[in-house]
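Student: Quick one: the structure is below, and I'll ask about it shortly.
The values are calculated or read from the model by the stated rules, or taken from the named source; none is laboratory data. Here the structure is a predicted model, which is why all the values come from computation and not from measurement. As a convention, Cβ positions derive from the backbone with ideal geometry for all residues, glycine included, and neighbour counts pool all protein chains shown.
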Amino acid sequence: MQCLRLKTRWKFSNPSSKQPCLPLPIRRALQQPRCPGSRKFSSRRAEDPDNQPERPDESFEQLIARFGHPGKWPKDQIFKASKNETLTNELERYYSRVQIFPILPLPFRGPMPRLLITYKEPMSKETIGRWRRAIWLYRIAWLVGIGYLINTYILSDSTNSKGHAIFDAPRFVPFSIVAREDVSPTSFILTLRPSHGVKPGVDPYADEWDKGTWSVEFKQPQLQIARSYTPLPPNSDVQDPGDLRFLIRKERGGEVSNYLARLPVGGKVEIRGPHPEIDLPRDITDVVFLAGGTGIAPAMQVAYTLLDKRTGDERPRIHIVWANRKREDCVGGVDSSSAGSLTEDPLQSTGTIVRELQMMQNSHPEHLSVDYLVDEEGTFLDQTKISALTTGISQSSASTGSKLIFVSGPEGFINVLAGPKKWEDGEEKQGEVGGVIGRMGVTDWKVWKL
């Protein structure tokens, strides 16, 4: 027997054949040849119908009412129906009807309404093909809609709140330069904004600011190299919650810094991260931060985290010493110990970074102090200065909490004050404390090199 099999769950008999191509259980019982491409069935033979007791003939409708679906009919009734031309034709027409179910993958299958269309006469191949295409288009459109809703209202909310919607480590993410401000002849501040935007009212970097210091990598596409830079804390000038600001010094021979200096407003940069540096403990009581040049950015991060973000913790005392080669890098900076330093107008004749430091001091006058050292003015960061800070704090503080010394800046600055870092197992680690601080023999302070 030849069978015409469509790529559906239903089979149709050859129009030239008088026997229907029935479902597998019925074909097994009737011992008919299987349709091409169908699953091989068992060779078990049904009982001989001649041994079955005779029953009066029943119509197709009566058999349906009595047994239900033809697949549930007893084997003897199937044999009997196969010898009845009227029942055979009815069976063929029954299995030629098209039932369309927009079946969807679990768990979306259950709640969906079921569409059932039944035709009394067999449908043409063209009509069946159109219905099949319509069903698949319906399924695809439904699944795409569900995926969009999940991504928009579930995944985006959870990732934005945790800060992972911006970055996609280890890949680089495009950012746009929305502002540039020169703070000295050699330094400038870049304000960057993610290209795909951020959901309003959500801080995508909340986790990073709460933990402590962190950085990102800038990519130089021509040379395929990357350098790490530390974001500045947000201020009132930030227009978008996804904006990041970076203090960058144009160094002679610096591939990435010179590349960034050439980019105009509206240009594109690629960033990878975030890279956490230190997870600040909760029991900090005193911090001395020795910053050189652009190393002031991590110092501002620490002050922002401990004094502004961790509002529920007891605020520690933070003393920042910012050392620069020239006064032009810290115009208007006055030591906290100088009389009237906090009463002067911070908006007049001051550099951008100095102005932000003074605003932080005004917000936390009892917990934050800043000193400025300039090489060309003969003020240097030496052992006497560091010893005066650590000794004075140790004598005045009876607390048993953590006391931290941070050293941040150019490599030579860190090596002189705290000794070089150490490469181990392919990673840059803290290494032993050396330099000026190592010779001081400080024992009750934890030293971190950034």
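Student: Could you check how many residues of region 325-380 are at pLDDT below 85 and among the polar types (S, T, N, Q)?
Tutor: Of the residues in region 325-380, 8 are at pLDDT below 85 and among the polar types (S, T, N, Q).
Student: Has region 204-215 got at least one residue that is aliphatic (A, V, I, L, M), under 30 Å from G253 (Cα atoms) and either without any contact (Cβ under 8 Å) to a residue 12 or more places away in the chain or outside the structural domain of F406 (by TED's automatic domain parsing) (or both)? Spell out how you get there, then give the answer.
Tutor: Taking region 204-215 and keeping what is aliphatic (A, V, I, L, M), we get 206.
Imposing the further condition that a residue be under 30 Å from G253 (Cα atoms) reduces the set to none.
Looking through region 204-215, none of the residues is aliphatic (A, V, I, L, M), under 30 Å from G253 (Cα atoms) and either without any contact (Cβ under 8 Å) to a residue 12 or more places away in the chain or outside the structural domain of F406 (by TED's automatic domain parsing) (or both).
Student: What about W423, is it exposed (fewer than 15 other Cβ atoms within 10 Å of the Cβ), within 39 Å of the chain's Cα centre (by Cα), over 30 Å from G332 (Cβ atoms) and not small (G, A, S)? I'd like the intermediate steps shown before the answer.
Tutor: On the way: exposed (fewer than 15 other Cβ atoms within 10 Å of the Cβ): yes; within 39 Å of the chain's Cα centre (by Cα): yes; over 30 Å from G332 (Cβ atoms): yes; not small (G, A, S): yes.
Considered against the rule, which asks whether it is exposed (fewer than 15 other Cβ atoms within 10 Å of the Cβ), within 39 Å of the chain's Cα centre (by Cα), over 30 Å from G332 (Cβ atoms) and not small (G, A, S), W423 comes out as yes.
Student: State the number of residues belonging to region 216-251 that are out of contact with any Pro (no Cβ under 7 Å at 6 or more places or on another chain), at pLDDT 85 or above and not charged (D, E, K, R).
Tutor: Applying the first criterion (out of contact with any Pro (no Cβ under 7 Å at 6 or more places or on another chain)) to region 216-251 yields 217-229, 231-240, 243, 247-251.
Then keep just the ones that are at pLDDT 85 or above; that gives 217-229, 231-234, 243, 247-251.
Checking the rest, the ones that are also not charged (D, E, K, R) come to 218, 220-226, 228-229, 231-234, 247-248.
Counting residues in region 216-251 that are out of contact with any Pro (no Cβ under 7 Å at 6 or more places or on another chain), at pLDDT 85 or above and not charged (D, E, K, R) gives 16.
Student: In addition: Of all residues in region 181-203, which are exposed (fewer than 15 other Cβ atoms within 10 Å of the Cβ) and either in the same structural domain as K326 (by TED's automatic domain parsing) or not small (G, A, S) (or both)? So that I can check it myself, show each step before the final result.
Tutor: Here is the first cut: in region 181-203, the ones exposed (fewer than 15 other Cβ atoms within 10 Å of the Cβ) are 181-182, 185, 195-197, 200-201.
Scanning region 181-203 gives E181, D182, P185, H196, P200.
Student: Let me ask something else. From the list L381, L373, L404, which one is surrounded by 19 or more Cβ atoms within 10 Å (Cβ to Cβ), touching a residue at least 24 places away in the same chain (Cβ under 8 Å) and assigned to a loop (DSSP other than H, G, I, E, B)? Spell out the reasoning first.
Tutor: Details: L373 fails: assigned to a loop (DSSP other than H, G, I, E, B); L404 fails: assigned to a loop (DSSP other than H, G, I, E, B).
Within the list L381, L373, L404, the selection yields L381.
Student: For region 272-300, what are the residues that are part of a strand (DSSP E or B) and within 17 Å of I189 (Cα to Cα)? Can you show your working first?
Tutor: At the first step, the residues of region 272-300 found to be part of a strand (DSSP E or B) are 272-279, 284-292.
Correct list: G292 only.
Student: For region 272-316, enumerate the residues that are in contact with a helix residue (DSSP H, G or I) (Cβ under 7 Å, 6 or more places away or on another chain) and closer than 16 Å to W445 by Cβ.
Tutor: Of everything in region 272-316, those that are in contact with a helix residue (DSSP H, G or I) (Cβ under 7 Å, 6 or more places away or on another chain) and closer than 16 Å to W445 by Cβ turn out to be L280, I284, D286, V287, V288, F289, L290, P316.
Student: Follow-up. Between V265, V269, which is more than 30 Å from D444 (Cα to Cα), within 30 Å of the chain's Cα centre (by Cα), aliphatic (A, V, I, L, M) and assigned to a loop (DSSP other than H, G, I, E, B)? Break it down into steps so the answer makes sense when it comes.
Tutor: Working: V269 fails: assigned to a loop (DSSP other than H, G, I, E, B).
Answer to the check: V265.
Student: Oh, and also: Which one of these does Q222 not meet: (1) touching a residue at least 60 places away in the same chain (Cβ under 8 Å); (2) surrounded by fewer than 15 Cβ atoms within 10 Å (Cβ to Cβ); (3) part of a loop (DSSP other than H, G, I, E, B)?
Tutor: In the conditions (1) touching a residue at least 60 places away in the same chain (Cβ under 8 Å); (2) surrounded by fewer than 15 Cβ atoms within 10 Å (Cβ to Cβ); (3) part of a loop (DSSP other than H, G, I, E, B), Q222 misses (1) alone.
Student: Let me ask something else. Which condition does S215 not pass, out of (1) under 27 Å from the mean Cα position of the chain (by Cα); (2) assigned to a helix (DSSP H, G or I); (3) closer than 27 Å to M360 by Cβ, if it passes all the others?
Tutor: (2)
Student: So if I check each of R245, R310, which one is basic (K, R), in the same structural domain as C330 (by TED's automatic domain parsing), under 29 Å from the mean Cα position of the chain (by Cα) and buried (at least 17 other Cβ atoms within 10 Å of the Cβ)?
Tutor: Going through R245, R310 in turn, just one is basic (K, R), in the same structural domain as C330 (by TED's automatic domain parsing), under 29 Å from the mean Cα position of the chain (by Cα) and buried (at least 17 other Cβ atoms within 10 Å of the Cβ): R310.
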